[in-house]
Amino acid sequence: MTVIVRFDAPTGAGTIDHPRPDRLEQGNPRRETWALYESADGVMSSGIWACEVGRWRIVFPPGKHEYFFVLEGLVRLHDQDGGYTEVAAGQGAVIPGGFEGAFEVVAPVRKHFVVVTHPG
């Protein structure tokens with residue numbers, strides 16, 4: 001049976017992690033992820049993600065894409081050319097496959113996310 005998954009506010013603890021030490025640029029922010037849905041083939045995952053202030057380098061493989069919508073807080077996605085895109089509460093964005101740069105949490109953030117990863 002196919003079931004609709006709502007993104008209700010989590011009632012329990014999520015999975016806690018921190019950016020890899022070799023990618024840290026500022027701070028060592030605590031990140032918490034609530035995985036709410038993963039497709040049977042592993043191509044799509046979605047959920048809620050929260051993070052403290054900090055900055056770290058990110059490298060998306062060509063087949064990995066993320067759409068996210070910021071519920072609260074402010075993030076900056078820095079590109080390799082020195083520019084950045086801010087995404088604030090009430091805004092969404094896509095990190096395309098192949099993106100390399102830095103993810104910065106300027107104000108503590110909570111967001112919905114959908115990640116699609118195409119094999120190969």
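The values are calculated or read from the model by the stated rules, or taken from the named source; none is laboratory data. Just so we're clear, the structure is a prediction, and the values are computed from it rather than from any experiment. Positions of Cβ are backbone-derived with ideal geometry, glycine not excepted, and every protein chain shown enters the neighbour counts. With ligands, DNA and RNA removed, areas are computed over all heavy atoms of the protein, side chains included. Shrake-Rupley method; radii C 1.70, N 1.55, O 1.52, S 1.80 Å.
Assess whether R30 counts as being at pLDDT 95 or above, open to solvent by 70 Å² or more (accessible area, probe 1.4 Å), touching a strand residue (DSSP E or B) at 6+ places or on another chain (Cβ under 9 Å) and of a type outside the set (G, A, S).
Taking the combined requirement at face value, the residue satisfies it.
Of all residue pairs spaced 6 or more apart or on separate chains, those with beta-carbon atoms under 8 Å, a first member in region 60-74 that is within 14 Å of G98 (Cα to Cα) and a second member that is modelled with pLDDT of 95 or more and of a type in the set (D, E, K, R) are F60/E66; F60/E100. Could you please tell me which pairs satisfy a Cβ distance under 9 Å, a separation of 6+ or placement on different chains, a first residue in region 21-32 that is among the aliphatic types (A, V, I, L, M), and a second residue that is outside any strand (DSSP E or B)? What qualifies is L24/H18.
Flag set for V115, criterion: of a type in the set (V, I, T), in contact with a His (Cβ under 8 Å, 6 or more places away or on another chain), part of a strand (DSSP E or B) and open to solvent by less than 40 Å² (accessible area, probe 1.4 Å).
On the basis of being within 17 Å of P19 (Cβ to Cβ), touching a Cys at 6+ places or on another chain (Cβ under 9 Å) and touching a residue at least 24 places away in the same chain (Cβ under 8 Å), does G54 make the cut? Explain how you work it out, then say what you get.
Working: within 17 Å of P19 (Cβ to Cβ): yes; touching a Cys at 6+ places or on another chain (Cβ under 9 Å): no; touching a residue at least 24 places away in the same chain (Cβ under 8 Å): yes.
No, not satisfied.
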